[in-house]
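So the structure is just underneath, and the comments pick up after that.
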Amino acid sequence: MTVSRDKATRRLVRQRVRQRVRIDVEGTVQGVGFRPFVYRLARELDLAGWARNTTNGLMIEVEGHAATIEQFLHRLQADAPVSALVEAVTARAVLPCDQTDFSIHTSESMGRWALAVPPDLAVCADCLREFNDPSDRRFHYPFITCTQCGPRYSVITDMPYDRLRTTMKRFRLCTACQAEYEAVESRRFHAESIACPLCSPQVALWDECGREMVQGGEAIAQAVSLLREGLILAVKGLGGFQLWVDAKSDEAVRRLRVRKQRPDKPFAVLFPSLEAARIHCVLSPEEEALLTSPTAPIVLVRRRPDSSVAPAVAPGNPFVGALLPTTPLHHLLMQQLGQPMVATSGNRSEEPIVIDEREAVRRLGGIADALLVHDRPIARPVDDSVVRVCVDGQVSADRCESARPAQIMILRRARGYAPRAIRLRKCLASSNETVLALGGHLKNTIALLQQDRVWMSQHLGDLSTLEADHTFRQTVEDLQRLLHVTPSLVTCDLHPDYRSSILARELASQWSVPLATVQHHHAHVVSCMAEHGLDGPVLGIAWDGAGYGTDGVVWGGEFLIARLDRFERFAHFRPFRLPGGEAAMKEPTRSAASLLWDLMGEQMPAQWLPFWQVTAMERERLATLLKSPAASPWTTSVGRLFDAVASLAGLCQKASFEGQAAMVVEFAAERALANGETAGYPFDVVKVDSRGNRLVVDWRPMVNELVRDLQQGVSPERMTARFHHGLAQALVWIAQAAGLPHVVLTGGCFQNGLLLSLARQGLEKAGFIVYCHRLVPPNDGGLSLGQAVVAACHTAHRHSRRT
């Protein structure tokens, strides 16, 4: 008892003695209201000290009782502003100086800044309360913002982040806004995008030729009237233009499809509120949390069968891309409309989104009937992010039920997420290089790696047009300028003809720095490894549509034993031909013909199968292509296997967008699984040589069984379900043969929630630890992260071997 009492006494004395601690906070803590938060927290806890921005984040000194300082350290992370991201907190004792107050000091001016560029965020609850309060001076003000919401990345022109380095610099603050900006107690303290009706951007409605019709509130009212009439409106938003139309009018949506030249790809739907979204969609708690989060992405959710959203919004698709209002302007429009609206990217097919109103008149002319614009410039295009909630288990008619916690899969990383840095584990950050990674050709992103951080750009899309190439090159310059870095190494995809690879060669030559090429699927695997802090070896299963292989063949069904700096091709799918090369990506019929040709040879043109809607003349034409090696390159692509199954099952013969055939196969399979289908088509695993150095997954038994089912009248739903089960079983066999405990699932094919679920369940049942993407997309949008890490680690290992 005496010892216990002595300990208690010592603890009490220690708590009463004043201490002083210096705290370094790293992460996204500048430009997000973190200093005012620290100030208020210190005042609340009666702690003295100061806080100031540094080149690496924020430095704080607090003085007070030990127990209170411990509470401060806990709440520094637990209660941080939602727009902040605290990555690391270190604290060390310093000598007390009997300070009695707490203050905010001027920012550190010396040294190299490790900058964190804050992303754009949806309007916060506090601003919405003011927005809806008739007595507030910002009532129904379409540009209301504070440190916790609004434009950031889309308006920043340089760093460090302050008003003079944003597109808001032209708007001089009024007296009231200036007072808020300077008051440390205000949530608008140093809110760089602060404004009000007296000192702000203005809204105007233009006709299709760019002539101003009305301004202000009347512009909003007339825009609402045009939308109610079924017309198409181009709306200038946070990171670019959107095209709006009545989502309940099939005729209006079809008109938009014709004008935008987008026949089938689903449109996003903007709902007025969460309650309205519930009427049309089946929402899980995780999906609702995403929709109402500060990132506020488009969330792929199941549409209710009785929804009045027009079928043309997402033809043949049980999902809808749901979105809630993210800006005050959105709220203003949707409060008056009170119904769902299509809100899709403001661009022509394959082009980047438009950010300038005059450019919108030119590029969106012939699509939009009118334009709702404002005069706050947008510094760079930032599209809406797209995410999907994935769960494992039994698929029901409404959703997938599972005991496993739901996991979020990012399909497009843009507004709300980019350019927030991804922190690498120290073992992955062993290079002193500053690496610029230029990504792939489709779903492009770029990345900059420095020390233990990787900054990824927003989704840039496909680099197939001159406009896209221009935006891509601008973004490369942009990210370097914002982060104040000069690359010492450039890296890109192994494919020599990608626009990103061409620019990589240009920049490496211009800057006289090394160029490193990274194999496509190795980059896929390493991007997921980097997310989870893995250094390998792992079995990386990378399935997608196409990636340039080290042997010059189009890979896409790969099993790699991967480390960060190298890989071994352990297994792959049996190669087959792509009649017409890239044309096969848009015509699933070609992949189907290739599989049948491999099985039947010259008999293929005479083959007739139920559901396979291909004329005899077309089969003859495809046979001619297949006889020409130059016209029909080899591939191991699982994406093209999905295309072939879609074609043979009669679900899709021509695809107007990437992944369309694979999507219809997934949706058909879900319907069969809901009815209890559990059988899988067989795949053989064979050795490619006598030494067994490489395994091949042979799809021919699968096709034989599928053809037999076709001839026996088995439904497309059951055939596609059996295809999914067969793939998952083959995947487990290869993992068992590899014998590595850690398995990574990556590549565009694993955007398929059903395939991902079956694969993960099978692998985990067999005892493997499975890793999937959570911070970057599994598709080509994640390539730049993998490229950056591979190049940095390869260089670091090469240097270490020399020393």
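Quick notes on this structure:
- Residue within region 460-469 that is charged (D, E, K, R) and in a helix (DSSP H, G or I) present: yes
- Residue 83, sole failed condition from (1) out of contact with any Leu (no Cβ under 6 Å at 6 or more places or on another chain); (2) part of a loop (DSSP other than H, G, I, E, B): (1)
- Within region 364-388, considering residues that are over 18 Å from residue 154 (Cβ atoms) and modelled with pLDDT of 95 or more, the one most open to solvent (accessible area, probe 1.4 Å): 369
- A count restricted to region 208-241 and to residues that are over 32 Å from the mean Cα position of the chain (by Cα), assigned to a strand (DSSP E or B) and closer than 21 Å to residue 353 by Cβ stands at 0.
- Residues satisfying the stated conditions in region 64-80, i.e. open to solvent by 40 Å² or more (accessible area, probe 1.4 Å) and either without any contact (Cβ under 8 Å) to a residue 40 or more places away in the chain or in a loop (DSSP other than H, G, I, E, B) (or both): 70, 71, 74, 75, 77, 78, 79
- Across region 627-653, the qualifying residues are those that are surrounded by fewer than 24 Cβ atoms within 10 Å (Cβ to Cβ), assigned to a helix (DSSP H, G or I) and among the aliphatic types (A, V, I, L, M), and the one among them that is nearest to the chain's Cα centre (by Cα) is 631.
- Residue 541 vs. criteria touching an Asp or Glu at 6+ places or on another chain (Cβ under 9 Å) and surrounded by fewer than 21 Cβ atoms within 10 Å (Cβ to Cβ): no
- Residue 696 being open to solvent by less than 30 Å² (accessible area, probe 1.4 Å), more than 22 Å from residue 611 (Cβ to Cβ), of a type in the set (A, V, I, L, M, F, W, C) and under 33 Å from the mean Cα position of the chain (by Cα): yes
- Among all positions in region 242-252, there is at least one residue which is open to solvent by less than 50 Å² (accessible area, probe 1.4 Å), under 22 Å from the mean Cα position of the chain (by Cα) and either among the small types (Gly, Ala, Ser) or modelled with pLDDT of 95 or more (or both).
- Those residues of region 148-170 which are open to solvent by less than 30 Å² (accessible area, probe 1.4 Å) and either closer than 22 Å to residue 332 by Cβ or not in a loop (DSSP other than H, G, I, E, B) (or both), in sequence order: 149, 150, 151, 152, 154, 155, 156, 163, 166, 167, 168
- In region 263-283, the residue that is farthest from the chain's Cα centre (by Cα) out of those that are outside any helix (DSSP H, G or I) and aliphatic (A, V, I, L, M) is 282.
- Any hit, region 611-624, residues being closer than 23 Å to residue 751 by Cα, among the β-branched types (Val, Ile, Thr) and either part of a helix (DSSP H, G or I) or modelled with pLDDT of 95 or more (or both): no
- The listed residues are 743, 707, and the only one of them that is outside any loop (DSSP other than H, G, I, E, B), surrounded by fewer than 23 Cβ atoms within 10 Å (Cβ to Cβ) and on the phi < 0 side of the Ramachandran plot turns out to be 707.
One line per residue, one yes/no per condition, for (1) open to solvent by 10 Å² or more (accessible area, probe 1.4 Å); (2) at pLDDT 95 or above; (3) in a loop (DSSP other than H, G, I, E, B):
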| residue | (1), (2), (3) |
| --- | --- |
| 691 | yes, no, yes |
| 701 | yes, yes, no |
| 724 | no, yes, no |
| 750 | no, yes, no |
| 758 | yes, yes, no |
| 784 | no, yes, no |
| 793 | no, no, no |
| 796 | yes, no, no |
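- Filter pass, residue 486 being open to solvent by 10 Å² or more (accessible area, probe 1.4 Å), closer than 22 Å to residue 566 by Cβ and of a type in the set (Val, Ile, Thr): no
- Just one of the numbered conditions (1) touching a residue at least 60 places away in the same chain (Cβ under 8 Å); (2) within 22 Å of residue 656 (Cβ to Cβ); (3) open to solvent by 50 Å² or more (accessible area, probe 1.4 Å) is not true of residue 336: (2).
- Residue count for region 710-722 under the criterion of being crowded, with 22+ Cβ neighbours inside 10 Å and touching a residue at least 60 places away in the same chain (Cβ under 8 Å): the result is 3.
- Within region 39-63, considering residues that are outside any strand (DSSP E or B) and touching a residue at least 60 places away in the same chain (Cβ under 8 Å), the one most open to solvent (accessible area, probe 1.4 Å): 40
- Residue in region 133-140 that is within 14 Å of residue 330 (Cα to Cα), open to solvent by 30 Å² or more (accessible area, probe 1.4 Å) and touching a helix residue (DSSP H, G or I) at 6+ places or on another chain (Cβ under 8 Å) present: yes
- Of the strands (runs of 3 or more DSSP E) lying entirely inside region 511-597, the ones with 3 or more residues being aliphatic (A, V, I, L, M) and closer than 18 Å to residue 738 by Cβ are found at 538-548, 554-562.
- Evaluated against (1) in contact with a helix residue (DSSP H, G or I) (Cβ under 8 Å, 6 or more places away or on another chain); (2) open to solvent by less than 20 Å² (accessible area, probe 1.4 Å); (3) at pLDDT below 90; (4) not β-branched (Val, Ile, Thr), residue 200 falls short on exactly one condition, (1).
- The listed residues are 464, 509, and the only one of them that is within 28 Å of residue 661 (Cβ to Cβ) and open to solvent by 40 Å² or more (accessible area, probe 1.4 Å) turns out to be 464.
The values are calculated or read from the model by the stated rules, or taken from the named source; none is laboratory data. Keep in mind the model is a prediction, meaning the values are calculated, not measured. Methodologically, a virtual Cβ is constructed for each residue, glycine included, from the backbone with ideal geometry; neighbour enumeration extends over all protein chains shown. Ligands, DNA and RNA are excluded from the accessible area calculation, which covers all protein heavy atoms including side chains. Shrake-Rupley method; radii C 1.70, N 1.55, O 1.52, S 1.80 Å.
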